[in-house]
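Here's the structure, in structure tokens; my notes come after.
Every number here is computed from the coordinates shown, using simple stated rules; none is lab data. It should be emphasised that the depicted structure is a prediction, and the values quoted were computed from it without experimental measurement. Glycine gets a Cβ as well: all are built from the backbone with ideal geometry, and neighbour counts include every protein chain shown.
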Amino acid sequence: MILSSLSSPDAQLDLRGTPCPINFVRTKLYLEKMSPGGLLEVWLDSGEPIEQVPDSLTMAGYHVEQITDCMGYFALLVRRPVTAQ
């Protein structure tokens, strides 16, 4: 089985309108509930959220696979690592 970085997400989290750092905390809590290797799509506002959340997730040990500009918001694909945090 070949895993594509463009595989469909296992779950979706709409955090548009959610301020920093609450959007990062909600994303991290959601990822912690997911199965190892799970893929989460997170919707974030432009500005501070898209500037801060991806870096914070990377520092926390999650793998940001893709960031897509959806004209008005950003879609972030984040994978929970298979190894324990």
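Some observations on this one:
- Taken together, the residues in the stretch 4-50 that are of a type outside the set (A, V, I, L, M, F, W, C), assigned to a loop (DSSP other than H, G, I, E, B) and within 12 Å of the chain's Cα centre (by Cα) amount to 3.
- Only residues that are over 19 Å from residue 10 (Cβ atoms) and surrounded by 16 or more Cβ atoms within 10 Å (Cβ to Cβ) were counted in the stretch 27-73, giving 5.
- Checking each residue in the stretch 67-85 for being within 19 Å of residue 36 (Cβ to Cβ) and over 8 Å from the mean Cα position of the chain (by Cα) picks out 80, 81, 82, 83, 84, 85.
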